[in-house]
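The values are calculated or read from the model by the stated rules, or taken from the named source; none is laboratory data. Because the structure is a prediction, the values reported are computed rather than measured. A quick note on method: Cβ atoms are made from the backbone with ideal geometry, for glycine too, and the neighbour counts reach across all protein chains shown. Keep in mind that these areas ignore ligands, DNA and RNA; they rest on the heavy atoms of the full protein, side chains included. Shrake-Rupley method; radii C 1.70, N 1.55, O 1.52, S 1.80 Å.
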Amino acid sequence: MQITVITLFPELISTAVQVGVVGRALERGQVSVNAISPREYATDLRRTVDDRPFGGGPGMVLKVAPTRSAMRAATEALPAGSRRIYLGADGAPLTQVKVAELASLPGMVLLAGRYEGVDERLLSTEVDETISIGDYVLSGGELPALVLIDAVVRTLPGVLGDEASAQQDSFMTGLLDWPHYTRPEQFEDMSVPEVLIGGNHEAIRRWRLKQALGRTWLRRPDLLAAKVLNAEEQSLLAEFKAEQG
Ligand code: 9WO
């Protein structure tokens, strides 16, 4: 997959993608991530990319022309079928289902806004969809772009190990994660659940599913309401609820 981020701070993107799972995927050629600034496409001497908002109000707005030139240059360099996405708090929520959809694309152009926003004439002509990572306003769209890149790249074939990608699937089932433990077995007065030490893989699978169901019930009942539980899941959740008293 080929990704290009349009940002006034390309170094923020190029540095952040060098580490971790995404960095390894870059090294392996499983994904490419480029970052370009609209300033490279500004034609005036001062290389202006922002200006005051019509109608008054605080701050500045990202100008259409240089940003559109950057978007078009990026889009032309990407495979056909790539999608142009604006990261905005007013967008559709980023969910694991949306992540899976984006992971099937050949490429993405991610527009990261700054200042008070982007000229609406750019969004209405050069953007296919707007995506939000949550209901809050940040200083810019770069961190949301990095969140989206991380979430998508993790799901690409071969990026995670088989076991980890299988666990990733647990999120695809709409459940929260189960609890994790590692050595030491006893830490102060806290121990590790016996089932995880016993080596019975079927018992461990059931325990983890039960914990994921129980946590989802306690913390995100909205996710559980959207999920059809099979007989085993219903039974395990009933057990969890009974244990909660
Ligand atoms: C800044 C500002 C300052 C004074 C008065 C009003 C203001 N509005 C904004 C503002 O919304 N700036 C945005 C910063 C413009 C577009 C890029 N920025 C952004 C994207 N902030 N938060 C996001 C975002 C993107 C995706 N998911 C969640 C938040």
Within segment 92-101, identify whether any single residue is surrounded by fewer than 13 Cβ atoms within 10 Å (Cβ to Cβ), assigned to a strand (DSSP E or B) and among the aliphatic types (A, V, I, L, M), and answer yes or no.
-> yes
Would a scan of segment 41-50 turn up a residue that is among the aromatic types (F, W, Y) and within 16 Å of the ligand (Cβ to nearest atom)?
-> no
Filter segment 81-136 for residues that are within 12 Å of the chain's Cα centre (by Cα) and among the hydroxyl-bearing types (S, T, Y); which is farthest from the ligand (Cβ to nearest atom)?
-> T95
For segment 56-71, what are the residues that are within 13 Å of the ligand (Cβ to nearest atom) and in a loop (DSSP other than H, G, I, E, B)?
-> G56, G57, P58, G59, M60
Inside segment 14-54, can you point out the residues that are in contact with a helix residue (DSSP H, G or I) (Cβ under 6 Å, 6 or more places away or on another chain) and in contact (Cβ under 8 Å) with a residue 60 or more places away in the chain?
-> A16, V21, V22, A25, V31
Subset of segment 114-128 (residues that are β-branched (V, I, T) and either in a helix (DSSP H, G or I) or surrounded by fewer than 17 Cβ atoms within 10 Å (Cβ to Cβ) (or both)) = T125
Inside segment 136-245, counting only helices (runs of 4 or more DSSP H) that do not spill past its ends, which hold 2 or more residues that are over 30 Å from L26 (Cα atoms)?
-> 195-198, 201-219, 221-225, 231-244
Would you please list the contacts, defined by Cβ atoms under 6 Å and residues six or more apart or on different chains, that run from a residue in segment 129-143 that is open to solvent by 10 Å² or more (accessible area, probe 1.4 Å) to a residue that is more than 6 Å from the ligand (Cβ to nearest atom) and aromatic (F, W, Y)?
-> T130/Y86
